[in-house]
Amino acid sequence: MNFTAEQHAIIRSSGNIRINAVAGSGKTSTLLGYAKERCNAGPILYIAFNKSVKLEAERKFTFLELPDVKVETAHSLAYSYIVKGSDYKVRRNGGYKTHEIVEILGLKGYKQPHTGFIIANHINRYITLFCNSDKPKVQDLNYEEFLSDARAQVFARNYKALILQQTRLFLDKMNRGEIEILHDFYLKKFQQSSPILPYKFILFDEAQDASDAMLEVVTRQSATKVIVGDTHQQIYGWRYAVNSLEKVDYPVYQLTRSFRFDHEIAALAYRILRWKSHLGLKTEVQIYGSATTKQGAQRVILARTNVGLLSKAVELVIEKKEVKKIYFEGRIESYTYADEGASVYDVLNLYLGKNQFIKDKLIAAMKTFGELEEYIQKTEDIALGLLVEIVKKYHQNLPDYIRQIKEAHVENHEKDKAGMIFSTVHRCKGLEYDEVTLVNDFITEDKLIHLIKETGIEKVNKDKLGEEINLLYVAVTRTRNILNIPEELLPKSNIHVIRKPDMVYSGGSFDAPGRGKPSPESSGSLGKQGLPWKTRDDDQLTVMFCERKSVTTIARRLGRTTSAIRARINKLELPDLYGIDF
């Protein structure tokens, strides 16, 4: 494998390190090189983010003939230590539903309607919070601090003692084996058991979305540890993930060059991340692209929410009939169900007053649609809230729309035959596509600034808004070639490659849809020798600038004068984009 200087530095490093790797920067290849360099130095553990990443990593390590590398997810590792050989029964189909917790704990008889259900929902979230934390006891956590909705906070405060008591009781029932245990539960027991892992090296991938529990397991080991991730790709804070890259005090290495996209997408991604400066958050980042334009047919619609995604599917498949075959990343059914299994059809029947057809016990307990909305406010049940928004948008037309979308949907093995792929950002994490079109349901810079002014910088939820910015950054960096982005989502500050923020990006320049003309920066600017600056010239210039090559060296390699190089560097705003003194 041909490695960059940044990759070589990581591969040849010693001791514990952390790697901040931008999107598409060859993170996996670097870890493969790191492992191969140490193939005879002792056993290596690679901790992958999920099962699909685990299987792909196993294939790659096997291909390189590295038998001393063991690939696990955090949960598969914990399972082998805690569940295997025990009498525990693992709950296979997700977590416990709210009505099941009500029945198990006997949360009934309250004066106010649905109080037992609301308490059960908070217990469920409290369990998830504790199991992902590194705290030894439930009472070491102040659950209310992790709620953002005022009504949910008030309810949790009023029932604080009861929620804590019942949470501990439910955990005890799992610990005793009286009820099935959750995946997060055996991960927590694994952390509390203080395991000593028999590995010389531990490679901890996607650390920006790790749990505190698993991070504590890893950092406790005597093995040499490599913590890898992208600070700005943390998008699972709602699952109580933590940014491990910022929680360990190891020497920092960078992977700043993306092999997925070119420097113009890199510039856009950089400008979006700069929005964090409005929140007073760290925005130090170097990211530049070195990929060249390539042809491909894999097109995707990316949205922040299920509501935005289904709306776009209705528009393209049903209203405009532009796409005949589609594919939704993950099961298409998952977009119409809440986390606990409530169906969008149950919510619709409640909305239409057809309560007799409701199957889900939680929804069936609601007499009116307003009661359901009040329940969501008091619990911050985001997934159920999204179903409510879908129903309010399409109401009685919804069943027919979903039927038509399902009829157009191809099977998993026929994904390559789909004319369009649909996905939320969370479901396409780690994936890339030839052409990306963004739905206009992400945060914008105008919305961010307005919210800060309205709420006040002291009161605004900086972590939550920072994650909203991360979602747009992750979405933008899924493209290998073409990016179709609504004008509203573009940064307010101009990017040197944008001629008119209208905004189709097509492998080399941003321009108004359908024109196909090059931007002034890519074709109209001349060096002192009279040679036009082309996209590939700018790519080479950007790469060499970020590698800190001298102006003389760059001029010699590009066949231009040093004054032309200096002028072009300033024209492209490279010092500002990449934070490099010039």
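The values are calculated or read from the model by the stated rules, or taken from the named source; none is laboratory data. Treat the numbers as computed from the prediction; the structure is a model and nothing was measured. A quick note on method: Cβ atoms are made from the backbone with ideal geometry, for glycine too, and the neighbour counts reach across all protein chains shown. All accessible areas refer to the heavy atoms of the entire protein, side chains included, with ligands and DNA or RNA removed. Shrake-Rupley method; radii C 1.70, N 1.55, O 1.52, S 1.80 Å.
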Arranged from highest to lowest average of other beta-carbon atoms within 10 Å per residue, in what order do the peptides 545-552, 66-73, 304-311 appear? 304-311, 66-73, 545-552
Can you give me the distance in nm between label points at residue 93 and residue 368, each placed 7 Å from the Cα along the Cα-to-Cβ direction? 3.3
Protection proxy (average C-beta count within 10 Å per residue), highest first, orders 21-34, 147-160 as 21-34, 147-160
Within the P(r) computed for segment 161-260, what percentage of the Cα pairs occupies the region above 16 Å? 66
Karplus-derived HN-Hα couplings along segment 483-490 (A = 6.51, B = -1.76, C = 1.60, θ = phi - 60°), whole Hz, x at Gly and Pro: 10, 9, 10, x, 4, 5, 7, 6
In whole angstrom, largest first, the equivalent ellipsoid semi-axes that the Cα gyration tensor gives for segment 218-350 are 35, 24, 16
So residue 108 and residue 492, fully extended at 0.36 nm per residue minus their Cα-Cα distance, gain in nm 133.0 nm
J(HN,Hα) series, segment 310-320, from Karplus relation 6.51 cos²θ - 1.76 cosθ + 1.60, nearest Hz, glycine and proline x: 5, 4, 5, 5, 4, 4, 7, 8, 9, 6, 8
List the residues whose amide H sits under 5 Å from the amide H of residue 484, counting only those 5 or more places along or on another chain, with H placed 1.01 Å from N in the peptide plane. 436, 437, 438, 505
Report, by chain and number, residues whose modeled amide H sits under 5 Å from the one on residue 48, excluding near sequence neighbours (fewer than 5 apart, same chain). 72, 73, 74
So, R0 is 60 Å and r is the distance between the beta-carbons of residue 180 and residue 556; what FRET efficiency does that work out to, to 0.05? 0.30
Got a number for carbon plus sulfur as a percent of the chain's accessible area, 1.4 Å probe? 47
About the Cα centre, charge dipole magnitude for the chain (Lys/Arg +1, Asp/Glu -1 at Cβ), debye: 780
Can you tell me the length gained on complete extension of the stretch residue 411 to residue 55, counting 0.36 nm per residue apart and subtracting the Cα distance? 126.1 nm
Take each of the peptides 123-129, 226-232, 245-251, average the number of other beta-carbon atoms within 10 Å over its residues, and list them starting from the highest. 226-232, 123-129, 245-251
Of 43, 555, 272, whose Cα points farthest to the positive end of the dipole of the chain (charges on the beta-carbon: +1 Lys, Arg; -1 Asp, Glu; origin at the Cα centre)? 555
Taking Cα atoms only, helix 445-455 is inclined relative to the longest principal axis of the chain by an angle, in degrees rounded to 10, of 50
Farthest positive-ward along the chain dipole, Cα basis, beta-carbon charges - from 23, 148, 182: 23
Per residue of segment 412-426, what does 6.51 cos²θ - 1.76 cosθ + 1.60 with θ = phi - 60° give for ³J(HN,Hα)? Whole Hz please, x for Gly and Pro, Karplus curve as stated. 3, 6, 10, 3, 5, 8, 6, x, 8, 9, 10, 6, 7, 5, 4
Considering only C-alpha atoms, what is the centroid distance from segment 9-59 to segment 208-240, in Å? 14
For the chain, what does the helix formula give at 222 nm: sum of -39500 (n - 2.57) over DSSP H segments with n ≥ 4, over the residue count, nearest 500 deg cm²/dmol? -12000 deg cm²/dmol
Cα-Cα pairs of the chain separated by more than 37 Å (percent): 40
So how far, in whole Å, is the C-alpha centre of segment 392-454 from the one of segment 339-375? 24
Total lysine pairs under 29 Å (Cα atoms) in segment 194-309, excluding pairs fewer than 8 apart on one chain: 6
Point-charge dipole on Cβ atoms (K/R +1, D/E -1) for segment 48-200, about Cα centre, debye to 20: 260
Return the tail of the calculated pair distribution for segment 294-413, meaning the percent of Cα-Cα pairs more than 16 Å apart. 62
Nonlocal amide H pairs with residue 422, under 5 Å, H built at 1.01 Å: 301, 327, 328, 329
Using the Cα centre of the chain as origin and beta-carbon charges of +1 (Lys, Arg) and -1 (Asp, Glu), tell me which of 57, 307, 110 is placed farthest towards the positive end of the dipole. 57
With a 1.4 Å probe and all protein chains left in place, how much accessible area per residue does segment 197-334 have, in Å²? 38
Using a basic spin-label model with each label point 7 Å from the Cα along Cα→Cβ, how many nm lie between residue 359 and residue 458? 5.2
Full-extension gain between residue 148 and residue 2, please, as 0.36 nm times their residue separation minus the C-alpha to C-alpha distance. 47.8 nm
